[in-house]
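Trainee: Here it is: the structure, laid out below.
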Amino acid sequence: MKQNIKNLLYPELEEYFVQKYRQKFRAKQVFKWLSLGVTSFAEMTDISKKMAEELSEDFYISDLKVLRKETSKDGTVKFLYELSDKNTVESVLMQYKHGMSICISTQVGCNMGCTFCASTVGGKVRDLEAGEILDQVIFTAKNEGVRISNIVLMGIGEPLDNYENVLRFLKNVNDEHGINIGYRHISLSTCGLVDGIDRLADENIPLTLSISLHAPNDSIRNKTMPVSRKYPYEELLGAVKRYLKKTGRRVSFEYTLIKDVNDQPSHAKELCQHLKGMLCHINLIPVNPARGTMAPSEMKRIRQFQEMLISGGLNATVRRTLGTDINAACGQLRRAEYQNKKEGEPI
Ligand code: SAH
């Protein structure tokens, strides 16, 4: 069985060329071409025709097809990409003052079951391969003719539930021979898989870890985020503290405000007690009513919540919402497409 060449780490590609051709430098050429988005070995003009043919006997090069593309009034562009097996994932390209940022998916669907999130409806279909995660960066940059400077792993899927492939992706996107995006320009968001957080702390990868907290205690978190029954609040915060101690890197908490569920002054107070003294930043986000059942808190309530956190000594900002007119929240586009399809077709 041929494998996707983009799943190989750079040192593994070097090893391949050393073993087969005694030509280590070929890895550099091929890795560069792949990062530019070529879809055949024949396009690699600095390798011989014979070598291109031999490579295509050992490997294939994955591609992404744009199934749908939606552009928001604020410039945010959302892509629904089709993978080689017809499954689909989403990526979102956002324009910030400091450059272009891309939000990418790590799984087809998700098993985490958060009640407000559209990605988890229907569960996880499969993990994405490292090369497929990378392809979202490669082909978005190529098709849009832009330079991407920041990456957030906040699309469909739970990155720490696809640990090995995500780690490979991180190493390859950071590799100086390819796209070369610094770890400090990458954020990884997790719903709170404690074992994964502990593993990540040991990797020596200085990315920004973002924790989807969304509640001030277990009883509220259990209702909206089933993961909290496996990894309760205390355990999660314990892992975050270990991560902070080991890496010295400030952690982000995402807190999605849902009207009358987690937005009361008493909730802000409780949150302050839990996070006080921790090197962290809190992002407050009005919930996007993606699944129709939950209403976002009013802006006045969100500001009041923020004020309370700040008076409690925490660093809290209200996230600018981008792309709300194009279903840009997690999994919404894939979900909408799915509803247009017949039962049994891949999503
Ligand atoms: N599984 C990872 C990353 C993907 S979700 C995680 O849970 O962090 C990315 C972020 O979007 C998470 O913080 C998630 O809780 C949030 N999110 C999902 N659906 C949302 C919605 N309808 N409104 C606001 N935020 C949402």
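Just so you know, all these numbers are worked out from the coordinates, no wet-lab data involved. The shown structure was predicted, so the numbers you read here are calculated from the model rather than taken from an experiment. So basically every Cβ, Gly included, is an ideal-geometry build from the backbone, and we count neighbours across all protein chains shown.
Trainee: According to the square roots a ≥ b ≥ c of the eigenvalues of the Cα gyration tensor, what is the shape class of region 3-60, taking rounded for a/c under 1.5, prolate for a/b larger than b/c otherwise, and oblate for the remainder? All intermediate terms of the calculation are to be shown ahead of the outcome.
Mentor: Details: a/c = 1.33, a/b = 1.13, b/c = 1.18.
It comes out rounded by the Cα gyration axes.
Trainee: Over 25 Å between C-alpha atoms is what I'm after, so list which of Lys73/Lys269; Lys6/Lys28; Lys6/Lys78; Lys86/Lys223; Lys2/Lys171; Lys24/Lys171 land there.
Mentor: Going by Cα-Cα distance, Lys73/Lys269; Lys86/Lys223 fall outside the 25 Å limit.
Trainee: Based on the alpha carbons, how large is the Rg to Rh ratio for the chain when Rh follows Kirkwood?
Mentor: 0.99
Trainee: Now for a different question. Choose one answer from Leu93, Leu244, Leu134: the residue with the largest mean-square fluctuation in a GNM of the chain with alpha-carbon springs under 10 Å.
Mentor: Leu244
Trainee: Compute the length gained on full extension between Gln264 and Asp85: take 0.36 nm times their separation in residues and subtract their Cα-Cα distance, giving the result in nm to one decimal.
Mentor: Working: separation 179, 0.36 × 179 = 64.44 nm, distance 4.54 nm.
Once the chain is fully extended between Gln264 and Asp85, it gains 59.9 nm.
Trainee: Enumerate the amide H contacts of Asp263 below 5 Å, restricted to partners 5 or more residues apart or on another chain; note that Pro and chain-start residues carry no placed amide H.
Mentor: Residues meeting the amide H criterion: Ile258.
Trainee: Please state the relative contact order of the chain as a whole percent: Cα pairs under 8 Å, 6+ residues apart?
Mentor: Values: 661 pairs, mean separation 53.5, N = 347.
Computed value for the chain: 15 percent relative contact order.
Trainee: Suppose only helical runs count, i.e. DSSP H with n ≥ 4. What mean residue ellipticity at 222 nm does that imply for the chain under -39500 (n - 2.57) per run, divided by all residues and rounded to the nearest 500 deg cm²/dmol?
Mentor: Computed mean residue ellipticity for the chain: -11000 deg cm²/dmol.
Trainee: Just the number, please: percent antiparallel of the DSSP beta bridges in the chain, rounded to the nearest 5.
Mentor: Around 45 percent of the beta bridges assigned by DSSP in the chain are antiparallel ones.
Trainee: For a protection proxy built on the mean count of beta-carbon atoms within 10 angstrom, sort 153-165, 275-287, 211-223 highest first, please.
Mentor: Result, highest mean first: 153-165, 211-223, 275-287.
Trainee: By how many nm would the segment from Lys32 to Glu203 lengthen if fully extended, with 0.36 nm per residue of separation less the alpha-carbon distance?
Mentor: Details: separation 171, 0.36 × 171 = 61.56 nm, distance 2.50 nm.
Additional length available on full extension: 59.1 nm.
Trainee: With a cut-off of 8 Å between alpha carbons and a minimum separation of six or more residues, what is the relative contact order of region 3-60 in percent?
Mentor: Once divided by the residue count of region 3-60, the mean separation gives 35 percent.
Trainee: Using the Karplus curve 6.51 cos²θ - 1.76 cosθ + 1.60 with θ = phi - 60°, work out ³J(HN,Hα) for each residue of region 101-109 in order, rounded to whole Hz, and write x for Gly and Pro.
Mentor: 10, 10, 9, 10, 9, 10, 9, 8, x
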